[in-house]
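Presented below is the structure to which this report refers.
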Amino acid sequence: MSSNHSKPPPEGLARTLSELNDKGILLWNESGQLKYRAKKGSMTAEVIEFLKENKPEILNQIPLHPPEESGKKSVVKRPSEFNDRAPLSLSQQRLWFLHCLNPEDDGTYNIPEALRLRGTLSTTRLTSAFHALVSRHEALRVKLVDSEQGVYQQLVEDTEIAINFQDLSHLAKTEALDQATEKAHLEASTPFDLEKGPLLRVKLYKLASDDHFLLITLHHMIADGWSKAILTGELMSLYSQDTELGHPPVIQYLDYACWQSQESLRNGFEPHKSYWLDQLKDLPPLMELPLDHSRPKQRSNRGASHFVTLDNGQLDALAALARDNGCSLFMILMTAFSTLLKRYCSRDDIVIGTNVANRDLTELEDVVGFFVNTLVIRNNLAGNPDFIELLQQVRSTTLAAFSHQRMPFEKLVEALQPERNLAFEPLVQIVFLLQTVSTPQLKLGELEVTPIEVNRNSAKFDLSLIATETTNGLLCEFEYSLDLYLPETIERLAENFQCLISSIIDTPRQGIESLPLISHRERELLANFQNAGSPNASRISTGNIIRLWESALEKNGSKAAVTDDEITISYCDLDALSENICAQLLDQGFGQSTIIGVCMERSAYAIAALLGILKSGAAFLPMDIQQPQQRLKYHIEDSQLRCILADA
């Protein structure tokens, strides 16, 4: 800082204040007085002169409370030339990029909140409450502008939120509720026009004179889960008029976006960069489970969810296991989910994404905006450690990742330069979240308020496990891509997760590769199926199948045995074809105790191949050429195939 430049231009003031923060000079506005706390020797005569010369402007850009003494940098008010606009934050830039890739937004990044209100509702007070919310939070008055100089967020001061009202009270109450619920699901997936704004919609459905359905929809561009909780809590207070909210937050999201932009330009995230580059060195481009469908060239975000609940007894047991090992519930569940993924995909390098609120600065706690950051949690599950041993590794990895959470995910992608592919997200394709945002008290005056689940029918990732503590236990939502998985596959995976949790509670010192994944009922069925003395076994043995075939051949001879779209083959011809295949297999040394892959279209010849394999004493493994190559490769390696029969 030069004494000849003690009065910087407005655009440089924020940068200079940030530089002072780096030097350990912490400033705050205490009742109009400029207060500071500084490291010894940092308050030079030049700095003091700068503060005196620029005091009025500085007071408008510093927090109203002493910053924390933790080395964290405080967010400052944006320069005056950015009063009505700001650059996009890094998270917003990523969303804008995704929007440009898929302009026909399908509502994937909508944040819905549905509330059923029973009692006498004042629509006037509700409207006033929403107007006050819009006035308190700049993010609710924003639209995006795509200019020649780049995209930025524009503050529209005269923004008004109209409540879209629809009267369904003429319908029977059950029908009215069904219609409102259906409309809520549709509304939750209805796209926003990011360049038109506002990025908030409110709809109110009247079911009866004393029964209403309120739906609030935000776009992720201006909000996150924490923001939704802020807005819900403030809405309750503003409508009820029983709590004084105080002044709006001094720092707003546009201030944060400007501040983060400066931090990025000044390489403010460099201290964390080396950790992540080392931790994610040689990261596999894709973390993939066995798929039901081939991965499309461009993902569509079509998704669905399957829910299971761990009861309170299981939740208490997991919490006790966490306490006994100096861990959190998050670490326990992350370790369990990692174990499940390893067992499914047979790989040791497990990569899972998770979110952090990214609000470690006090001045951001009450700000509405898109702050959430994605962390990449990578663990090595080699060597069959027991669950407690793996838990300690996950604990160390998680704590290290959280200590470097200030590195924006967008900057991490930029630094690592992973393979960019429209078919999957960079760095992480599987996510685990534990919902920890406290739910505000749902009290809207004298109204009875009940939250309603809304399904967006979308999936941001291949697979996400979203765990939420409820009064009934731990609700586990498995959100999955319909491009990749069938519902029954995810249902089975969720059941395996429940069984794994029970196994962990019972025997946490057991090796992770031998922790049971299937239920007692399924184990009994398998044992019965494999029992050589059971009725099932005698009915399905290979020898018995051949005898049954020979009996059918003797009875039917020249009659049609199998028909496909092109040919009909008699019993005699089918037997001859199968004998030929059997002989060729035996000549090549493939017979008893051999597994033969069958990669053929459904046809009469495929039936001949299966019969020929059984006659040779071998077993067959059906293979679908439409399946992903990685899954086919896994089948070949896991079964140690030495021979595959395929169509010519």
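The values are calculated or read from the model by the stated rules, or taken from the named source; none is laboratory data. Every value quoted in this text rests on a predicted model; they were computed, and no experiment measured them. No Cβ is skipped: glycine too gets one built from the backbone with ideal geometry, and neighbour counts run over all protein chains shown. Remember, those area values only see protein heavy atoms, side chains included, never the ligands or the DNA or RNA. Shrake-Rupley method; radii C 1.70, N 1.55, O 1.52, S 1.80 Å.
Residues checked against (1) touching a residue at least 40 places away in the same chain (Cβ under 8 Å); (2) open to solvent by 10 Å² or more (accessible area, probe 1.4 Å); (3) under 21 Å from the mean Cα position of the chain (by Cα):
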{"site": "Y344", "(1), (2), (3)": "yes, yes, yes"}
{"site": "G353", "(1), (2), (3)": "yes, no, yes"}
{"site": "A357", "(1), (2), (3)": "yes, yes, yes"}
{"site": "G369", "(1), (2), (3)": "yes, no, yes"}
{"site": "V376", "(1), (2), (3)": "yes, no, yes"}
{"site": "N379", "(1), (2), (3)": "yes, no, yes"}
{"site": "A382", "(1), (2), (3)": "no, yes, no"}
{"site": "E389", "(1), (2), (3)": "no, yes, no"}
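Of the candidates S80, S74, S70, S42, the single residue that is on the phi < 0 side of the Ramachandran plot, at pLDDT below 65 and polar (S, T, N, Q) is S70. Scanning segment 73-92 for residues that are assigned to a loop (DSSP other than H, G, I, E, B), surrounded by 21 or more Cβ atoms within 10 Å (Cβ to Cβ) and of a type in the set (S, T, N, Q) gives S74, S89. Inside segment 305-335, residues that are in contact (Cβ under 8 Å) with a residue 60 or more places away in the chain, open to solvent by less than 20 Å² (accessible area, probe 1.4 Å) and more than 22 Å from E513 (Cβ to Cβ) make up a count of 3.
Look at segment 220-233: where a residue is closer than 10 Å to F371 by Cα and a partner is charged (D, E, K, R) and in a loop (DSSP other than H, G, I, E, B), sitting 6+ places away or on another chain with Cβ atoms under 9 Å, you get W226/R359; W226/E365.
Only one of S274, S338 is crowded, with 19+ Cβ neighbours inside 10 Å, among the small types (G, A, S) and under 24 Å from Q405 (Cβ atoms); which?
On the way: S274 fails: crowded, with 19+ Cβ neighbours inside 10 Å.
Going through S274, S338 in turn, the sole match is S338.
For segment 414-439, filtering for residues that are more than 17 Å from the chain's Cα centre (by Cα) and within 28 Å of R359 (Cβ to Cβ) leaves 6. Looking only at residues of segment 370-424 that are touching a helix residue (DSSP H, G or I) at 6+ places or on another chain (Cβ under 7 Å), in a helix (DSSP H, G or I) and β-branched (V, I, T), we find that the one that is farthest from R509 (Cα to Cα) is T398.
State the number of residues belonging to segment 151-182 that are within 31 Å of the chain's Cα centre (by Cα) and at pLDDT 90 or above. Steps first, answer last, please.
Kept after step one, since they are within 31 Å of the chain's Cα centre (by Cα), are these residues of segment 151-182: 151-155, 161, 163-164, 177-182.
From what is left, the residues that are at pLDDT 90 or above are 151-155, 163-164, 177-182.
Residues meeting the conditions: 13.
Taken over segment 200-212, the criterion of being under 27 Å from the mean Cα position of the chain (by Cα) and either surrounded by 22 or more Cβ atoms within 10 Å (Cβ to Cβ) or under 23 Å from G119 (Cβ atoms) (or both) is satisfied by L200, V202, K203.
Listed by first and then second residue, the pairs linking a residue in segment 407-418 that is free of Cβ contacts under 8 Å to residues at least 24 places away in the same chain to a residue that is among the charged types (D, E, K, R), with Cβ atoms under 9 Å apart and 6 or more places separating them unless they lie on different chains, are V413/R94; V413/R420. Among helices (runs of 4 or more DSSP H) entirely within segment 487-544, having at least 1 residues that are at pLDDT 95 or above singles out 487-506.
Looking for something aromatic (F, W, Y), more than 30 Å from L427 (Cβ to Cβ) and in contact (Cβ under 8 Å) with a residue 24 or more places away in the chain - is there at least one such residue anywhere in segment 105-126?
Let us first name the residues in segment 105-126 that are aromatic (F, W, Y), namely 109.
Pick out the ones that are also more than 30 Å from L427 (Cβ to Cβ) and you get none.
Within segment 105-126, not a single residue is aromatic (F, W, Y), more than 30 Å from L427 (Cβ to Cβ) and in contact (Cβ under 8 Å) with a residue 24 or more places away in the chain.
Can you confirm whether segment 188-197 contains a residue that is out of contact with any helix residue (DSSP H, G or I) (no Cβ under 8 Å at 6 or more places or on another chain), in a helix (DSSP H, G or I) and under 21 Å from N102 (Cα atoms)? Yes, there is a match, as at least one residue in segment 188-197 is out of contact with any helix residue (DSSP H, G or I) (no Cβ under 8 Å at 6 or more places or on another chain), in a helix (DSSP H, G or I) and under 21 Å from N102 (Cα atoms). Selection of segment 213-255 for residues being aromatic (F, W, Y) and either open to solvent by less than 10 Å² (accessible area, probe 1.4 Å) or modelled with pLDDT under 90 (or both) yields F213, Y239, Y253.
With respect to S458, is the statement that it is at pLDDT 90 or above and surrounded by 15 or more Cβ atoms within 10 Å (Cβ to Cβ) true? So that I can check it myself, show each step before the final result.
Values: at pLDDT 90 or above: no; surrounded by 15 or more Cβ atoms within 10 Å (Cβ to Cβ): yes.
Considered against the rule, which asks whether it is at pLDDT 90 or above and surrounded by 15 or more Cβ atoms within 10 Å (Cβ to Cβ), S458 comes out as no.
Pick out, from segment 568-648, the strands (runs of 3 or more DSSP E) lying fully within it that include 1 or more residues that are closer than 16 Å to W549 by Cβ and open to solvent by 30 Å² or more (accessible area, probe 1.4 Å).
Values: elements: 568-570, 595-599, 619-622, 643-646.
The strands (runs of 3 or more DSSP E) meeting that bar are 619-622.
Residues that are under 53 Å from the mean Cα position of the chain (by Cα) and not in a strand (DSSP E or B) within segment 554-567 comprise D564, D565, E566, I567, listed in sequence order. Close contacts from segment 610-631, counting a first residue that is within 21 Å of Y485 (Cα to Cα) and a second that is open to solvent by 30 Å² or more (accessible area, probe 1.4 Å) and part of a loop (DSSP other than H, G, I, E, B), with Cβ to Cβ under 6 Å and a gap of 6+ residues or different chains, come to P628/S294; R631/P290.
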